[in-house]
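Each value in this text was obtained by applying a stated rule to the coordinates, not by laboratory testing. This is a predicted model, so every value here is computed, not measured. Positions of Cβ are backbone-derived with ideal geometry, glycine not excepted, and every protein chain shown enters the neighbour counts.
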């Protein structure tokens, strides 16, 4: 199947303006601005079944339709903060096929009546940000961005904004706070960004990969997109595969592809031909899935992965083999969340801190009762944190202890 | 010297990206600008930025301390930030870090005697398929170095020294 998102793998130099334009580039945007009404664009995206690709999987067209049309101006923000461990798909999109991403962002802006859009990039994507600035300038020079586009009344400018190293800024309201020049700490929700977003105005925020689907959906139609993937999850997903596989990397595949195909057919199987012990499908925020044939043969889409007691999330598939002790693994994930906790809400700020003491202790024997205490602390955090960071910081801990209890009973002194 | 005097064009360009009611948004790019010379943001720079944006110095300081890429004390001219997070660690990042510490004669968090390089451990840099890897943060930007080993690392550092 031809690439829909990572089209630079089919078409060399697609990151160059002329090549992108020659390969159908910007036609969907020009066509929509000159011939469609904004809500017609939203309807196409709604009917396509496209769901957010940042991790939550919220129906994209539906999100766009929630924008408050009684409050102006509107903004669109692209979440390019890609910081979930095991995720590196947005980076490849922006490096290899930047104009398709920008065109998708432009289409979304037109659909919701925004004249200004921001790309919030994690600070470490420094050079990528500079490259995007050059691409935006090229689009302006060619009349695809700026004032009164294609002779219509519609104007659009896109700006990049760099973060400065904070995973929490991938959470949409923390991103908005950071973009507004404050510490990146989540807001109380409701209200949600489509009613109260950037500078208090109605804002649509979507992930880079989500936007990158949009020009192809407009060009080929909603039915075309829906015909790919599964009934629960339409279209293709870029799976970032990492961990103990022979060929880590990004793999763009239709939803419904099995874990087995991803890991063995595409990923070259496990290093040293070892067995898969566990799969973390959503990066560090994952529940740990103990691997067996049934799991490996499970088709990957949002609904089906849930039946395995986990969430597909951003589809950042980390493969764990049988040489990895779960005590070591959860110590890693907990330290990540402790470092990245924004500090605003007590259960996460205190909980990640105390969990990290316990997971560190469990690395070196631990005290009697540590495992049960750790489980206790994690469970007390669940359902109480201001945002998903705190919630997800407990997933590997709880599922690690509950599903791999053997790993935890061994190191503790009796 | 204030940022607006030293880099007038850049300050103006930064401020123009945000609407008047969103002027405060400029704090992040202005902090990167202030960090350009010395690799850290001193008190005078924080006061300067606070004045440009009409916010308090405490506001600015709280932003500096919140984010990993802003620094408020002078350390090495360059920071070598090695990812030792879970996916990289599954592909040898911890062993790589130990070997680097050995070769450079540094512990994590320390700076070389000549003040050139500070060695740090950081969380995921979105390069999990190219481990072991690190980024070098210098006064004027950030660069990735992927699929690394200790010898290649030493080459990177020597090249950086020659260019400085």
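Which translational diffusion coefficient, to the nearest whole µm²/s, is obtained for chain B from the Stokes-Einstein equation, given a Kirkwood hydrodynamic radius over C-alpha pairs, 20 °C and 1.002 mPa s? D, rounded to a whole number, is 125 µm²/s. Highest average first, the peptides A:375-387, B:121-133 ordered by how many other beta carbon atoms sit within 10 Å of their residues are B:121-133, A:375-387. Against chain A, whose longest principal axis comes from its Cα atoms, helix A:346-363 is set at around 50 degrees.
Neighbour counts of C-beta atoms inside 10 Å place A:360, A:340, A:391 in the sequence A:360, A:391, A:340, starting with the fewest. On the beta carbon distance between residue A:134 and residue B:147, with R0 = 41 Å, the FRET formula returns roughly 0.95. When chain A is treated as a Gaussian network with alpha carbon springs shorter than 10 Å, the biggest mean-square fluctuation among A:325, A:59, A:190 belongs to A:190. Which angle between 0 and 90 degrees, to the nearest 10, do you get for helix A:208-220 versus the longest principal axis of chain A when only C-alpha atoms count? Taking Cα atoms only, the helix is inclined about 50 degrees. Please label the shape of the range B:3-66 as rounded, prolate or oblate, based on the square roots a ≥ b ≥ c of the eigenvalues of the alpha-carbon gyration tensor (a/c under 1.5 means rounded; beyond that, a/b larger than b/c means prolate, else oblate). Taking the square roots of the gyration eigenvalues as a ≥ b ≥ c, the range B:3-66 is oblate. List the relative contact order of the range A:7-226 as a percent without decimals, with contacts defined as Cα pairs under 8 Å and 6+ residues apart. Averaging sequence separation for qualifying contacts and normalising by length gives 30 percent for the range A:7-226.
Taking a ≥ b ≥ c as the square roots of the eigenvalues of the Cα gyration tensor, an a/c ratio of 1.5 or more together with a/b no larger than b/c marks the range A:1-91 as oblate.
Using a Gaussian network model on chain A with a 10 Å cutoff between Cα atoms, which of A:57, A:96, A:151 fluctuates the most? Result: A:151 has the largest fluctuation of those listed.
Only DSSP H runs of four or more residues enter the estimate; each adds -39500 (n - 2.57), and after division by the residues of the protein assembly as shown the mean residue ellipticity at 222 nm equals -12000 deg cm²/dmol. How far is helix A:38-48 tilted off the main Cα axis of chain A, in degrees rounded to 10, range 0 to 90? Approximately 40 degrees, to the nearest ten. Packing, as the average of other Cβ atoms within 10 Å across residues, places the peptides A:242-251, A:342-351, A:139-148 in the order A:242-251, A:342-351, A:139-148, highest first. Between residue A:150 and residue A:266, the modelled label-to-label distance comes to 3.3 nm, taking each label 7 Å out from Cα in the direction of the beta carbon. Per residue of B:59-72, other chain Cβ atoms within 10 Å of the residue Cβ number 4 on average.
The mean number of partner chain beta-carbon atoms within 10 angstrom of a residue's beta-carbon across peptide B:128-135 is 4. Using the Cα gyration tensor of the range A:123-256, with a ≥ b ≥ c the square roots of its eigenvalues, what is the shape: rounded (a/c below 1.5), prolate (a/b larger than b/c) or oblate (neither)? Verdict is rounded for the range A:123-256.
Counting only other chain Cβ atoms within 10 Å of each residue's Cβ, the peptide A:118-124 averages 4.
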